[in-house]
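Participant: Below are the structure tokens for one structure; questions will follow.
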Amino acid sequence: MNTGVFDPALQDDPFPHLRQLREEHPVVWDDSVPGGAWIISRHADVLRGLKDPRLSASRMPIFRMVLRDT
């Protein structure tokens, strides 16, 4: 799915689009981002993810390699 969150046309007023995203697709994989990315649009879901150690980048060797090389 292409969430459109990086669409330059939304820069002036992204809020209606973000509201629709929260309501219809609060957590969605976005293939339009290079390499793909999870787009999480609800504040409570973001906080829950940040506090969950299972979602830590340190659990994934590829992220450790990328972080080390930057």
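The values are calculated or read from the model by the stated rules, or taken from the named source; none is laboratory data. Keep in mind that what you see is a predicted model, and the values were worked out from it rather than measured. Every residue, glycine among them, receives a Cβ derived from its backbone with ideal geometry; neighbour counts consider all protein chains shown. These accessible areas exclude ligands, DNA and RNA; they are computed on the full protein's heavy atoms, side chains included. Shrake-Rupley method; radii C 1.70, N 1.55, O 1.52, S 1.80 Å.
Participant: Give the residues of the range 20-36 that are in a loop (DSSP other than H, G, I, E, B), open to solvent by 30 Å² or more (accessible area, probe 1.4 Å) and closer than 11 Å to M1 by Cβ, sorted by residue number.
Facilitator: H25, D31, S32 - these are the residues of the range 20-36 that are in a loop (DSSP other than H, G, I, E, B), open to solvent by 30 Å² or more (accessible area, probe 1.4 Å) and closer than 11 Å to M1 by Cβ.
Participant: I need every pair where a residue in the range 10-37 that is polar (S, T, N, Q) has its Cβ under 7 Å from the Cβ of a residue that is part of a loop (DSSP other than H, G, I, E, B), sequence separation at least 6 or different chains.
Facilitator: Partner pairs satisfying both residue conditions: S32/N2.
Participant: Among the residues of the range 37-50, how many are open to solvent by 90 Å² or more (accessible area, probe 1.4 Å) and either part of a loop (DSSP other than H, G, I, E, B) or modelled with pLDDT under 90 (or both)?
Facilitator: 3
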